[in-house]
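Visitor: Mind having a look at this structure? Questions to follow.
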Amino acid sequence: MAFLDLKKTYVVDVATNLFLSKGIENVTIKDIAEAADVGEMTIYRYFGKKQTIIAEAVLSLQDIVASDYFKLNEAKTGFEKLKAFYSSYLDIFEDKPEYFRFIREFDLAMMGENEETLKEYEKQIETFKEKFIESYELGLKDKTVKEIENIQLFYFTSTHSLIELCKKLSFKKGVLEQDKKIKKFDEIGCLINIILKSLKA
């Protein structure tokens, strides 16, 4: 890897840690430059604007999440792979709730950005859908899952619901009194069980 690429990767790593600990909105280019021990102009020369660094940060986090949590190869049947797929969201929530806070802030920060900035991110999250479809097709073959009329719709609805719940619960304090009555992990686990019951043959 060229020196410039290493330097840019280092800046992205520093920025990612700042975003996770302080929140995207609370981190400035100046903060990133100081933490990375480079000039502000260097940051602008590398990335042009803060949104580009945010987009690079989410790609870096998605790589970590995909390699550390979505280990579907250890499961044998299609249903077991799907169970591992959905359970990965709970594992991430237990280990890195700040990841879901980051994703929530990322969505807000990137509103209105052009498609080019988000193209790599969209391509990367497509790999999660590919893992899901592969597991589902295996499940149809080994008869451990039932046929779903529109599996693409099922995938997007179930994962969006799960991610949105994790994003909401990633904030430490509940907004309503009812938010304090149920354990966060139980709530996520309950949604996963509902999804899996819809899939199981």
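Visitor: Sort out which residues of the range 23-78 are β-branched (Val, Ile, Thr) and free of Cβ contacts under 8 Å to residues at least 40 places away in the same chain, and write them in order of number.
Guide: Answer for the range 23-78, where residues must be β-branched (Val, Ile, Thr) and free of Cβ contacts under 8 Å to residues at least 40 places away in the same chain: Val27, Thr28, Ile29, Ile32, Val38, Thr42, Ile43, Ile64, Val65.
Visitor: Moving on to the next point. If you check every pair at least six apart or on different chains, which have Cβ atoms under 6 Å apart with a residue in the range 126-148 that is more than 14 Å from Lys197 (Cα to Cα) first and a residue that is among the β-branched types (Val, Ile, Thr) and assigned to a loop (DSSP other than H, G, I, E, B) second?
Guide: Sorted first by the residue in the range 126-148, then by its partner, the pairs are Asp142/Thr77.
Visitor: Going through Val27, Val38, Val11 one at a time, which residue ends up being among the aliphatic types (A, V, I, L, M), outside the structural domain of Phe185 (by TED's automatic domain parsing) and in contact with a Leu (Cβ under 6 Å, 6 or more places away or on another chain)?
Guide: Val27
Visitor: Please work out if Lys7 is modelled with pLDDT under 90 and of a type in the set (Lys, Arg).
Guide: Yes.
The values are calculated or read from the model by the stated rules, or taken from the named source; none is laboratory data. Worth saying up front: this structure is predicted, and the values here are computed from it rather than measured. Every residue, glycine among them, receives a Cβ derived from its backbone with ideal geometry; neighbour counts consider all protein chains shown.
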